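This report refers to the structure that appears directly beneath it.
The values are calculated or read from the model by the stated rules, or taken from the named source; none is laboratory data. These figures come from a predicted structure and were not determined experimentally. All Cβ positions, even for glycine, are placed from backbone atoms using ideal geometry, and neighbour counts span all protein chains on display. Areas reflect the complete protein model, heavy atoms only, side chains present, ligands, DNA and RNA absent. Shrake-Rupley method; radii C 1.70, N 1.55, O 1.52, S 1.80 Å.
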Amino acid sequence: MNDHRFRLHIYWLILDWLNLTTTLPTPPRQPTTRTAPTREYGHPAEWASDTAALIATTLHGWHEALAEHRNETPPPAPTTAESVRIRAAWHYLNPRTQQLLDYTQDAETEIRELHTKIRTILGHNRPRHTIRTPCPRADCGLRTLTRTAGLGQDFILCEACGYTISAAEYPQLITATLDTLTDGDTTTSAVLVQ
């Protein structure tokens, strides 16, 4: 994973923390079926509170590990308020994402998986379609575009550079794509207009 993408995952995890601490969402109720024993929360917001605490602990832990590895000032104590630890982790990790990736790939895996799990539990996962067209951004040009469609949101994102194309810009992208296709593959335009 590249530095930009990892920074986005940290950013998204912090947005998850903000969502969980300000709106206290509850996981959608699944139909009653026979399943393995799972933890039942007594209060509807308990899941959100526990998950927000897990996010703060995770980011604080990576802040602490990297600061220790680099022999720099440690983060605030684990007993400090979540908001203080989150803020400190963001200010420390954001400019050092590449150093953290160089130190260990475990950080990327843990942060990405935690964000994905939260999104899944809240029912926010939307299908993404890979588009085999180069990024229109001049300094990128990589074939890493994905289209995410959902209620009220439809956009294309370059997974490499973060360039975003809104639904309103699709006609120009389709025209540019069709003009540059040399192998006769029209699946890209079909995916764009679905």
- Item | Sole residue being under 26 Å from residue 18 (Cα atoms) and in contact (Cβ under 8 Å) with a residue 24 or more places away in the chain, chosen from 92, 103 | 92
- Task: May I ask you to say which residue of 58, 80 is within 15 Å of residue 10 (Cβ to Cβ), hydroxyl-bearing (Ser, Thr, Tyr) and assigned by the TED database to the domain that holds residue 11?
- Result: 58
- Residue ranges of strands (runs of 3 or more DSSP E) in the range 85-171 with at least 3 members at negative phi and crowded, with 18+ Cβ neighbours inside 10 Å: 153-158
- Item | Subset of the range 127-143 [under 18 Å from residue 8 (Cα atoms) and modelled with pLDDT under 85] | 128
- Report, by residue number, each residue of the range 53-81 that is open to solvent by less than 50 Å² (accessible area, probe 1.4 Å) and within 20 Å of residue 22 (Cβ to Cβ). 53, 55, 56, 58, 59, 60, 80
